[in-house]
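Undergrad: Dumping the structure here so I can ask a few things about it.
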Amino acid sequence: MTEWWKKSTVYQIYPRSFMDSNGDGIGDIPGIIQKLDYLHDLGVDILWLSPVYDSPNDDNGYDIRDYYKIMNEFGTMADFDELLERVHERGMKLVMDLVVNHTSDEHTWFKDHPDFYIWRDQPTNWRSFFSGSTWDFQKERNQYYLHLFSKKQPDLNWENPQLREAVYEMMRWWLDKGVDGFRMDVINMISKVPNIQDAPDGDGSSQFMNGPNVHTYLKEMNKRVLSKYNIVTVGETPGTSPKEARDYIASQNQELNMIFTFEHMDLDQASGGKWDLKPLELIDLKENLEKWQHGLHEEGWNSLYWNNHDQPRIVSRFGDDQNWRVESAKMLATCLHFMQGTPYIYQGEELGMTNVRFDLIEAYKDIETINMYQEKQKAGISHDDIMKKIYAKGRDNARTPMQWSNELNAGFTTGVPWIQVNPNYTNINALEHQDPDSIYQYYKKLIAFRKKMDIVTHGDFTLMHREDEELFVYTRRWNDETLTVYCNFSNQTKSVERPKGAKLIGNYADHNDELALKPYEAVVYYQH
Ligand code: ISL
Ligand code: CA
C-alpha cells in the first residue's frame, strides 16, 4: 500500500510573512485564505503552517503561550476553522506545527505547574542555540531552569506523565477539529539524560538529542494519539543519522512517518558551527543525499527540502541568484524533486526568491541573528564581518515578505511590513506565475510528474559521475523504466554522454541533444 503522503508535495507557510489582509503589516489567516487558489493551482497537496498559536513572539510563534488559542495578529479561531474548511474543500490537507519541547515562559504552566519544566540547583556550561547559557535563574525558586533556545522558551519535562498527558490531550483537540497532521519541532530533543553535566565546548547536544527515552515517548504518543487518526507526521530532528532516522520512522516502530535531516544543510559550515562559513563541495552534497536515498529506501521515507523558515534561500546558497537565477532555481528544483521522498516547498521558493542584505542590524528581527550579532560584537568582531555571516546564513533571509506583485511592499501589505520587503520584488514576484517559462510553472510540472509517475515514488536511486565536482547526475529505476537526471551546478558548459530515452523536462528550451550541458542546466530523460 502506498500511503497518501508518499505521493504528496508539501508547501510550508510562514504566516507572519505570507499575506497581510488588514494592513497591520503582519501576515494573517484571512490572508492565507485569499491565496488558496494560488496554492491549489500550483498543485501542492499539503499545507504546513508554522505556528499560529497565541505567543508573545520572542521566537515568532515557536514560543507558545496558549496551545488552544490563535495568535491575535493572525486572526481568530473562527478564521482558522474557515481556513481548514476551505483547504479541505479544495482537496488539500493542513498540517500544524507542534512545538512541545518547550513553551513560552508566559504559558500558565510555567507558573502553575513548575514540575512541567526542568530545574537544577547548579547550571551546566551548555550554550543555547540562540547564544548565551541554556540556564536562567529564578529567584522565587532559587533554581535554574533549562532553555535550549531563548530564555523565554523553557524546556518541558517529558519525564512527567502529567505533562505528557496534557500534550496528548491538546493534540487530540486539534486532530478532532480535523487537522491532518503535525510537523514536530525539535522532537528529538524532548528526552534529556538523567544526570546532565558540563560538556566540551559547551555543546550539550549528546545529552539531549535522540536521548534515552525519546522512542518510549513517541511510541506512547503514537499509541495514544497518532494511531487513532489518518494523518501525516514529520519530526524535526537536527543531528540525526539515517540509522537513527530509521528508529523514528520504520513502520514497525510505530512512531513517525518522516523526519527532517539536517546533514545536507550543514555542508557549507566549518567546525565552528552554523556561522563558520565554508563553500559547499558538490561531492559532499551528492554523497550525503545518496546516503539518505539508500539509507531509507524501503526502510523509511525521506523528506526532501532545500528551504524552510530557518534556512537561507537555496538559489542564493547553492545556485547563482545574480547571473543565473531562473536557471539555477529550476535546476535545484529538478535535482530535488526527482528523488524518492516527499518534497517540501517553502513559500517563495517557487518564485526563486533570494536572500536579502540589510545594511543595519536594526532591520533584522530574528532573535538568533540579533543575539549572535551582540555576542560577536562584544568579542570584537567588526560589523562588516558579522554582516557577512548574516547575509549568508541568517534566518531572516527566508522571512522577508512573500513577493506577490511589483506594487508597494510587494503586494504583501498596505501598511508597514513587520520586516522590510526584499527590494528585488520589483523584478521577482508572483505576477509572473502564469508565464509558461516561470519558475512557478516549472515547479507545477515537477509536482504533476510525481503524481502521475510511479517511478518517482518507488524507483531506486543510483548516483552517476560520483567524482565530478560540478555535475549531479543520478538515475531512478522501477520495473523496466529509467529516469536519468542531469544537473549542472556550475556556470560552465559541461559535456556528458547522451542518455537513452527521450527528454521529459529541462530548464532550457534549446536543449542540445549531444548533451553539452549549459550553465546550471537541468534535463531529465525517460526511457521504458
Ligand atoms: O535555525 C537553526 C539554526 O539556525 C536551528 O538550530 C534551529 O534552531 C533548530 O533547527 C530548531 O528549529 C526549530 O525550533 C526552534 C525555532 O526557532 C525554529 O524556527 C524551529 O524550526 C525553537 O522552537
Ligand atoms: Ca494582518
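The values are calculated or read from the model by the stated rules, or taken from the named source; none is laboratory data. Worth saying up front: this structure is predicted, and the values here are computed from it rather than measured. Positions of Cβ are backbone-derived with ideal geometry, glycine not excepted, and every protein chain shown enters the neighbour counts.
Undergrad: Can you give me the ranges of the strands (runs of 3 or more DSSP E) entirely in segment 55-170 with at least 2 residues that are among the hydrophobic types (A, V, I, L, M, F, W, C) and at negative phi? It would help to see each step written out before you state the result.
TA: Details: elements: 66-70, 93-98, 135-138, 143-146.
Because the criterion is at least 2 residues that are among the hydrophobic types (A, V, I, L, M, F, W, C) and at negative phi, the strands (runs of 3 or more DSSP E) in segment 55-170 that meet it are 93-98, 135-138.
Undergrad: Do you know which of the residues in segment 393-414 that are in contact with an Asp or Glu (Cβ under 8 Å, 6 or more places away or on another chain) and small (G, A, S) is nearest to T369 (Cα to Cα)?
TA: Here the answer is G394.
Undergrad: List pairs: first residue in segment 1-26 and without any contact (Cβ under 8 Å) to a residue 60 or more places away in the chain, second residue aromatic (F, W, Y) anywhere in the structure, Cβ distance under 9 angstrom, at least six positions apart or on different chains.
TA: Once the first residue is without any contact (Cβ under 8 Å) to a residue 60 or more places away in the chain and sits in segment 1-26, its partners that are aromatic (F, W, Y) give P15/F74.
Undergrad: To continue, here is another question. Hey, can you tell me all the residues within segment 495-528 that are assigned to a loop (DSSP other than H, G, I, E, B) and surrounded by 19 or more Cβ atoms within 10 Å (Cβ to Cβ)?
TA: Within segment 495-528, the first condition is being assigned to a loop (DSSP other than H, G, I, E, B), and the residues that meet it are 496-501, 507-515, 518-521, 528.
Of everything in segment 495-528, those that are assigned to a loop (DSSP other than H, G, I, E, B) and surrounded by 19 or more Cβ atoms within 10 Å (Cβ to Cβ) turn out to be P499, N507, K518, Y520, E521.
Undergrad: Identify the residue in segment 359-377 that is more than 15 Å from F130 (Cβ to Cβ) and of a type outside the set (V, I, T) and, among all such residues, is nearest to the chain's Cα centre (by Cα). Break it down stepwise before answering.
TA: Initial filter on segment 359-377 (more than 15 Å from F130 (Cβ to Cβ)): 359-363, 377.
From what is left, the residues that are of a type outside the set (V, I, T) are 359-360, 362-363, 377.
On the way: D359: 26, L360: 26, E362: 25, A363: 23, Q377: 29 Å.
It comes out as A363.
Undergrad: Among the numbered criteria (1) among the aromatic types (F, W, Y); (2) in contact with a His (Cβ under 9 Å, 6 or more places away or on another chain); (3) free of Cβ contacts under 8 Å to residues at least 60 places away in the same chain, which one does Y62 miss?
TA: Status for Y62: all satisfied but (3).
Per-residue answers, yes or no, for (1) modelled with pLDDT under 95; (2) surrounded by fewer than 18 Cβ atoms within 10 Å (Cβ to Cβ); (3) assigned to a loop (DSSP other than H, G, I, E, B):
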| residue | (1), (2), (3) |
| --- | --- |
| A410 | no, no, no |
| T413 | no, no, yes |
| V416 | no, yes, yes |
| I419 | no, no, yes |
| Y425 | no, no, no |
| I428 | no, no, yes |
| P436 | no, yes, yes |
| Y443 | no, no, no |
| I455 | no, no, no |
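Undergrad: Condition check: more than 14 Å from ligand 1 (Cβ to nearest atom), at pLDDT 95 or above and surrounded by fewer than 21 Cβ atoms within 10 Å (Cβ to Cβ). Does P123 satisfy that? Give the derivation first.
TA: Numbers: more than 14 Å from ligand 1 (Cβ to nearest atom): yes; at pLDDT 95 or above: yes; surrounded by fewer than 21 Cβ atoms within 10 Å (Cβ to Cβ): yes.
Judged against the criteria, P123 is a match.
Undergrad: With respect to V179, determine if the residue is away from ligand 1 (no atom under 16 Å from the Cβ) and either touching a His at 6+ places or on another chain (Cβ under 9 Å) or part of a loop (DSSP other than H, G, I, E, B) (or both). Talk me through it step by step, then tell me what you get.
TA: On the way: away from ligand 1 (no atom under 16 Å from the Cβ): yes; either touching a His at 6+ places or on another chain (Cβ under 9 Å) or part of a loop (DSSP other than H, G, I, E, B) (or both): yes.
So V179 fits the description; yes.
Undergrad: Follow-up. What are the residues in segment 160-204 that are among the acidic types (D, E), farther than 20 Å from F149 by Cα and under 23 Å from the mean Cα position of the chain (by Cα), if any?
TA: The first filter runs over segment 160-204 and keeps only residues among the acidic types (D, E), leaving 165, 169, 176, 180, 185, 198, 201, 203.
If we keep only those that are farther than 20 Å from F149 by Cα too, we end up with 165, 169, 176, 180.
D180 - this is the single residue of segment 160-204 that is among the acidic types (D, E), farther than 20 Å from F149 by Cα and under 23 Å from the mean Cα position of the chain (by Cα).
Undergrad: Of all residues in segment 134-160, count the ones that are among the polar types (S, T, N, Q) and either under 17 Å from D59 (Cα atoms) or in contact (Cβ under 8 Å) with a residue 60 or more places away in the chain (or both).
TA: At the first step, the residues of segment 134-160 found to be among the polar types (S, T, N, Q) are 134, 138, 142-143, 150, 153, 157, 160.
Still in the list and also either under 17 Å from D59 (Cα atoms) or in contact (Cβ under 8 Å) with a residue 60 or more places away in the chain (or both): 134, 150, 153.
Counting residues in segment 134-160 that are among the polar types (S, T, N, Q) and either under 17 Å from D59 (Cα atoms) or in contact (Cβ under 8 Å) with a residue 60 or more places away in the chain (or both) gives 3.
Undergrad: Sort out which residues of segment 12-54 are within 16 Å of ligand 1 (Cβ to nearest atom) and either out of contact with any helix residue (DSSP H, G or I) (no Cβ under 9 Å at 6 or more places or on another chain) or outside any loop (DSSP other than H, G, I, E, B) (or both), and write them in order of number.
TA: Q12, I13, P15, R16, S17, W48, L49, Y53, D54
Undergrad: Please work out if K243 is more than 16 Å from ligand 1 (Cβ to nearest atom) and either farther than 16 Å from R172 by Cα or in contact with a Phe, Trp or Tyr (Cβ under 6 Å, 6 or more places away or on another chain) (or both). Give the steps one after another, and end with the answer.
TA: Details: more than 16 Å from ligand 1 (Cβ to nearest atom): yes; either farther than 16 Å from R172 by Cα or in contact with a Phe, Trp or Tyr (Cβ under 6 Å, 6 or more places away or on another chain) (or both): yes.
So K243 fits the description; yes.
Undergrad: Taking L431 as the residue in question, decide whether it is farther than 30 Å from A363 by Cβ and in the same structural domain as A410 (by TED's automatic domain parsing). Let's see the steps before the verdict.
TA: Numbers: farther than 30 Å from A363 by Cβ: no; in the same structural domain as A410 (by TED's automatic domain parsing): yes.
Criteria not met by L431.
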